[in-house]
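S.K.: Before anything else, here's the structure in question.
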Amino acid sequence: MLHVAWWKLRINKHSLDLPVQDVKQRRSKLIVTRMYLGQTILRIIIEFAFIITQSSIYGFHIPSEYTCQLEERVVLNVAVHYKCDVLKAKEKASFLIVVLVCTVLALVVHVCDLIRTVLKISKGEEKSLFPALREEEYIKPVWVRPPDPVDEVFECENVSKLQEKLESQNLIALTGPPGSGKTQLALHYVREFSKRNNNSICFTFNSVSPDSIIVDGKLFLSQFKLNIEILDNGHLVETAKGLLRSIAEELMQYSNIVNVFLFEDATFETASLVRDVFNDNQSFIVIITSNARLFDNENLKMEVNGYTADDVMNLAMSDRYKDRFTDDDMLRLAEKLDFSPLGIHAGCEYIISIEGTINDYIALLNSFTFPTVSDLEEEIVHNRGYKKTLLQLVMESYCELSRVCKDDIIVYMLNIVATLGSDPIPFGLLDWIIREKEGPLHSHIMDQKKIHLVELVKRFHLGTMVTDSNKHKMIKLHNLARVAIVISWPEEDKKKLFHDMLLILDDQFDKDMRNMHDFQFILELLPHVNNALYGELLPKAMLYDIRIRVLQIRLLDVLNHLHTQTGLTKIFKEENYSKAKQQFYSLINNNVDPVLAEPRLNQQVEEILTAESQRWENITCEEFVKTKARIVYESVTKIDVPEDLVVNLVCTRRLNNDDIKVLQMRMDDRGHPNVFIPDGHLTIEWYDKLVENDAAVSVESIKKVFLLEFMLTILYTHGRMYFYQKNQDEVDEDAKQVFEHDLRLAFELGNIIKEKIGIQITTLLLAERNGILYFDLDSGKRQKMEYAMLRYKALLADESDYFERGILKMVPAKDPYHRINCLRQLVQYCQLVADMETKAHRKQEKYKEGRKEAKELLKIINGRAYHNKAISYITIGDLEMTQVEFGTRHLNDAIGMYHQALELEEKKLPQHSRNMLKALYGLTRAMFLRCDSKNEDWVKAKDYAMRLIEICEERNIKTDLKGQAQNLLNDMQVGAFEADSRV
C-alpha cells in the first residue's frame, strides 16, 4: 500500500519536473559556467594587480635617461652636448613598456569576455560558449516520444512478470485484448529503466505496417542526426529490416549502453522482422505490443489479460480510491469490465466525476443501448477484438467529458484528434481549430486550451500527452477510445469532422516546405496524412462527396511531394505516386475505375488524332499532348466546385514567409507599405484587399480555375518524380515518356488557362522551367538545346505575374530562387555545347558565354542561404572542365568549385546524395588531369574515386559515374598519367 502511494508520488513528480538526465545535464552546465566565470574574474583580478604593481614601482612616466642617449660633439675644440632627435630606448625600458601595454590589452579582453559570458548565460545560451556542453547533449540524447504511464500504474502482478522476463532475455512481445494494459505495462517498465539508466535512448515505433516503421525510422535518423541512408531492398519488409539493423549497428558504435525500443500495434509481419533484427542483441531491450497472437516461442511472448483480483484489491486501497469505493464494489466493477485496467480506471474516474456509485454505474452499463453502426465499423470492432462493454464505457466517459468541459472548442479539438491517426498528434495541428472558431488569439491562450484538453483526456483515461526530443508537445488517444468516439457520432457529424480534419492537414502543408524548415514536424505528419487517405474509420460513402474527394486527392499529391522532400521516394514504389493522378482522372470521368481512367482518355485522344489524320510518335509529341489538354480542360470545367471549398482552400489559407514577402512588395508598389498579415493566415477581408491591389484574383475567377490548377499541380508533381529516382539511368523509356508527358501536359493546360481565363498559374512556369526544358537540355539534340537556352533567357527577363491558388506567388525577374535555377541551366547549356564543339574557338566562345552567367549565378548564391548551392558549384566546375586543354587555371578553378560542393554535401545527412557523387567524380577527373604538375593530386584522385565507388556499392546506387570513376582508377593503377579518350 505504501509502495502504491510512493509510486504515484514519483509519477506525479516526474510529470511536473524535468527528466532525470535533464536535471543532471543542467547541474553539469551550472558547474561548468560557474567555474568559467570564476576563472575569468580571477584573471581580471591578477591582471589588474599586475598593472598596479608595475605602475607603483616604475611609474607611468619613464625618465629620459632610460629612453634617450645624449650625443656629444666637438665643435671648435669645445665639447657640446646635443639633445637626441629620436629617443633611443634601452632593452630594459622597452621590455617594461611592451609588458605594460600587453597587460592592459589582456585586461580589456578579459573584461569584455566576462560581460559577454554573463549576457549569454542570462539568455540561456551557454551552449554556444562551451563546446563541451554541446557534445554532452549530442552524446546523451533525451527521451523521445514515449509518454508517461497513467498516474495509477503500480506494481501489479504483470509488472513483476515483465521484469523477470527481461532479466533473462532482451525481447518480449506483450499480447492480449484491447484495454488489458499492454502499453501502460511497457511504459511503466521503460520509465523505471530510465531512472536507472539516464543515458539510454528510448524510442517508440508505430508498427502497424513496414512502411510505418520506415517513416518512424526516418524520424529517428532526423532527431539523432545519424548518417544512415534508407536502402531499397526490393520489399518493404526487407527495407524496414535493413533500416533497423543500420540503426542498431550505428548506436552500438557510440557506446555500450543499453537502449530501449517500443514497437506498438505490431502485426505478425512487423513483429517478425523486429524479432529477426533484435533477438539476442544485448545492447537493446525491445518490447512489442499487439492485439494479435504472434510468436510460437512462448519465451518471447507474455500474455497480458488485465489485473488480477489481488491487483484490484491493492488499487482499491490506494489514496485515490480508498475513501470512495469498498473492496467488494471494486471487485464487482472489475468483473463487469473483465478486469481491464483501462476500463477500471476510466470507470472510476467517471463515477467520481458524476459523484455516483459503482452500483449505479454498473446499472447504467447494463441499460446502455449500443448505437447503430455501419457494417464497416462493426467489422473493425470485431477484427480488433474490442469488447462492447469497454466501448460503452468509453462512450459514457466521452459524454461526461463533453458535459464537464465548458469550452466547446476543446471538445471539438478532441473530436478532430479522434479522426486523425493513432500516432501522436502535434499541438500545431490544433491551432487551425482555435483560429477558425474564435479568430486569432494570443499564443498563451491557445496553449492553455490545448493543455486543458490534455488534462481532460488524461483524467478520463482516453489518452495521454507525449513530448518529443525538441520538447514539442503532442496528444495521443488510445486506439479503443478513438474507435468508440468516432462510432458514437451521427453520420452528418462524421462527415463534417472528417472534412475539417482534411482541411486542417491541408493548412499545415501550406507552410514553406521547399526549404524544409521543420523536417521533423513533416515526418510526424506523414502517418496522419496516410490515415486521412486510407484510414479504416473513414466512411466509404464520403468518398463520393466532391469536397472530400478534392481534399483527399490534394493530400495524395502532397504525400508525393513529402516523399520527394524526405528522401522516401526511393523506397515506396512508383505506383503509389500515380494515385493522385488516377483519382483526378476518375473524378473528371464519371468516377470510373481510377486505374482505367487515364488509359481510356489516351484511347480517346488516339481516336481523335486518327480521325483528323494526324501523325504522332508517342505520348510526348506536341499533337498528342495538345489534344489531350483540350479534352481535359473541357471535362474539368464541367465540374461545379462548391464556393465554400474554394474559400476555405484559398481565401483563408496559411501563407509562408516567401508568400508574405511577395505580397508586401506588391502592396508597397500600390502605396500600402508595412502591410502585415497576422499569423500568416488570410481572412476574407484580407483577401479582398489583396484583390483590390492586384495581389490576388477574384473568387469568381479562382473558382473557374481552381480544379484546373489542381490538375496542373498533380501532373507537375508526378512528372518531377523522374528527377528523384534513385537510379535514373535504369528508368525504362516508356516510364520516362510518362514523366515527360505529364510535364508537357501540365504546361499545355497552363497555356489554355492563360488564353481562355487570363490567369498565369505558377505551375505553368515550373513545368517549363523545372521539367520540359530539363528534358530538352538532356536530349543531346542541338535544336532542342537551343530552344531551351532561349526560353531560359526569356524566363529570366519575365516580369509578369504568376499566381498560385489565387495569390500572387512570383514575379520571375524579381525572384532570386527563379533566377538561380535559370542561370544554372544556362551555364549547363554552355557546358554541354562546349563539350560537343570540336573547334577550339567555338568551344572558348561558349565557355565565355557560360562564364558570364556563372559570375551572375555566384553573385546570387553566395549572398543568401540557398538550400542547394552544391549543384550550382558542380555545374560551374563542369563548365571549367571544358577548357582543360587551354591551361591548368581552368583545372584549378574546377577543383575549387567541386571542393565547395563536396563540403556542402558532407554537412548533410545522409551523406550519399547524387550531388556528392558528382562532386567526387569531378574531383577525381580534375585531379587526375592535373597530376602532371602536382603528383600529390594523383593520390587524392585515387582516394576520391575509391570513395565514390564504395558509396555506390554500399548503397546499391547504379550510375554511370561509378563506371567512369573505375576507368580513371584503372588508368591510375597502371601508372597512366595522361587522360585517355575515355576522359
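The values are calculated or read from the model by the stated rules, or taken from the named source; none is laboratory data. Nothing here was measured: the structure is a model prediction, and the numbers come from that model. With ideal geometry, Cβ positions are generated from the backbone for all residues, glycine too; neighbour counts draw on all protein chains shown. Please note that ligands, DNA and RNA were not included when accessible areas were found on the heavy atoms of the full protein model with its side chains. Shrake-Rupley method; radii C 1.70, N 1.55, O 1.52, S 1.80 Å.
S.K.: For HIS461, state whether it is crowded, with 21+ Cβ neighbours inside 10 Å and either modelled with pLDDT of 90 or more or not β-branched (Val, Ile, Thr) (or both).
M.R.: Yes, satisfied.
S.K.: Surrounded by fewer than 20 Cβ atoms within 10 Å (Cβ to Cβ) and out of contact with any helix residue (DSSP H, G or I) (no Cβ under 9 Å at 6 or more places or on another chain): is that true of GLU455 in this structure?
M.R.: yes
S.K.: Related question: Across segment 832-856, what is the total count of residues that are buried (at least 22 other Cβ atoms within 10 Å of the Cβ) and under 15 Å from MET897 (Cβ atoms)?
M.R.: The number of residues fulfilling the criteria is 4.
S.K.: Also, quick follow-up: Taking the options LEU107, LEU114, LEU119, name whichever one is modelled with pLDDT under 80, closer than 18 Å to THR40 by Cα, out of contact with any helix residue (DSSP H, G or I) (no Cβ under 8 Å at 6 or more places or on another chain) and among the hydrophobic types (A, V, I, L, M, F, W, C).
M.R.: LEU119
S.K.: Among the listed residues ARG653, ARG615, ARG666, ARG670, which satisfies the condition of being modelled with pLDDT under 80, of a type in the set (Lys, Arg) and either within 30 Å of GLY428 (Cβ to Cβ) or more than 35 Å from the chain's Cα centre (by Cα) (or both)?
M.R.: Only one candidate qualifies: ARG653.
S.K.: Of the residues ALA788, ALA794, ALA813, which is open to solvent by 30 Å² or more (accessible area, probe 1.4 Å), aliphatic (A, V, I, L, M) and more than 21 Å from TYR898 (Cβ to Cβ)?
M.R.: ALA794
S.K.: A further question follows. PRO490: within 30 Å of HIS382 (Cβ to Cβ) and either surrounded by 19 or more Cβ atoms within 10 Å (Cβ to Cβ) or not polar (S, T, N, Q) (or both), yes or no?
M.R.: Against the criterion (within 30 Å of HIS382 (Cβ to Cβ) and either surrounded by 19 or more Cβ atoms within 10 Å (Cβ to Cβ) or not polar (S, T, N, Q) (or both)), PRO490 qualifies.
S.K.: Now for a different question. Across segment 584-603, which residue is surrounded by the fewest Cβ atoms within 10 Å (Cβ to Cβ) among those that are polar (S, T, N, Q) and at pLDDT below 90?
M.R.: ASN590
S.K.: For segment 405-423, how many residues meet the condition of being in contact (Cβ under 8 Å) with a residue 40 or more places away in the chain and either under 27 Å from SER180 (Cβ atoms) or hydroxyl-bearing (Ser, Thr, Tyr) (or both)?
M.R.: Here the count works out to 9.
S.K.: When you go through (1) over 20 Å from LEU503 (Cβ atoms); (2) modelled with pLDDT of 90 or more; (3) of a type outside the set (Asp, Glu) one by one for VAL675, which number turns out not to apply?
M.R.: Tallying (1) over 20 Å from LEU503 (Cβ atoms); (2) modelled with pLDDT of 90 or more; (3) of a type outside the set (Asp, Glu), VAL675 fails exactly one: (2).
S.K.: Can you tell me which residues in segment 406-441 are open to solvent by 10 Å² or more (accessible area, probe 1.4 Å), modelled with pLDDT of 85 or more and within 18 Å of ALA484 (Cβ to Cβ)?
M.R.: VAL411, TYR412, ASN415
S.K.: Working carefully through the options THR369, THR308, THR357, find the one that is free of Cβ contacts under 8 Å to residues at least 24 places away in the same chain and surrounded by fewer than 17 Cβ atoms within 10 Å (Cβ to Cβ).
M.R.: THR369
S.K.: ASP510: at pLDDT below 85, crowded, with 22+ Cβ neighbours inside 10 Å and part of a loop (DSSP other than H, G, I, E, B), yes or no?
M.R.: In short, no.
S.K.: Can you tell me which condition GLY671 does not meet? The list is (1) on the phi > 0 side of the Ramachandran plot; (2) crowded, with 18+ Cβ neighbours inside 10 Å, and all the others hold.
M.R.: Answer for GLY671: the failing condition is (2).
S.K.: Yes or no: SER340 small (Gly, Ala, Ser) and farther than 19 Å from SER180 by Cβ?
M.R.: The answer is no for SER340.
S.K.: Moving on to the next point. In segment 641-655, what residues are open to solvent by less than 20 Å² (accessible area, probe 1.4 Å) and farther than 20 Å from ARG549 by Cα?
M.R.: LEU655 - this is the single residue of segment 641-655 that is open to solvent by less than 20 Å² (accessible area, probe 1.4 Å) and farther than 20 Å from ARG549 by Cα.
S.K.: Moving to a separate point now. Give me the pairs: first residue in segment 832-855 and acidic (Asp, Glu), second residue surrounded by 21 or more Cβ atoms within 10 Å (Cβ to Cβ), beta-carbon distance under 8 Å, and six or more apart or on different chains, which are they?
M.R.: Close Cβ pairs satisfying both conditions: ASP835/THR882; GLU837/LYS846; GLU849/CYS830; GLU853/LEU823; GLU853/LEU826; GLU853/VAL827; GLU853/CYS830.
S.K.: Residue by residue through segment 879-901, note down the ones that are out of contact with any Lys or Arg (no Cβ under 9 Å at 6 or more places or on another chain) and surrounded by fewer than 23 Cβ atoms within 10 Å (Cβ to Cβ).
M.R.: Listed by number, the residues that qualify are GLY887, ARG889, HIS890, ASP893, GLY896, HIS899.
S.K.: Related question: Determine, yes or no, whether GLU598 is free of Cβ contacts under 8 Å to residues at least 40 places away in the same chain and farther than 19 Å from LEU749 by Cβ.
M.R.: It is false that GLU598 is free of Cβ contacts under 8 Å to residues at least 40 places away in the same chain and farther than 19 Å from LEU749 by Cβ.
S.K.: Here's another thing I want to ask about it. Would you check if THR326 is open to solvent by 60 Å² or more (accessible area, probe 1.4 Å) and β-branched (Val, Ile, Thr)?
M.R.: So THR326 fits the description; yes.
S.K.: Restrict the check to segment 661-675 and report whether at least one residue is closer than 25 Å to PHE710 by Cα, in a helix (DSSP H, G or I) and acidic (Asp, Glu).
M.R.: Checked segment 661-675: no residue is closer than 25 Å to PHE710 by Cα, in a helix (DSSP H, G or I) and acidic (Asp, Glu).
S.K.: Moving to a separate point now. Scan segment 741-775 residue by residue and report those that are of a type outside the set (A, V, I, L, M, F, W, C), touching a Phe, Trp or Tyr at 6+ places or on another chain (Cβ under 6 Å) and surrounded by fewer than 21 Cβ atoms within 10 Å (Cβ to Cβ).
M.R.: Correct list: GLN760 only.
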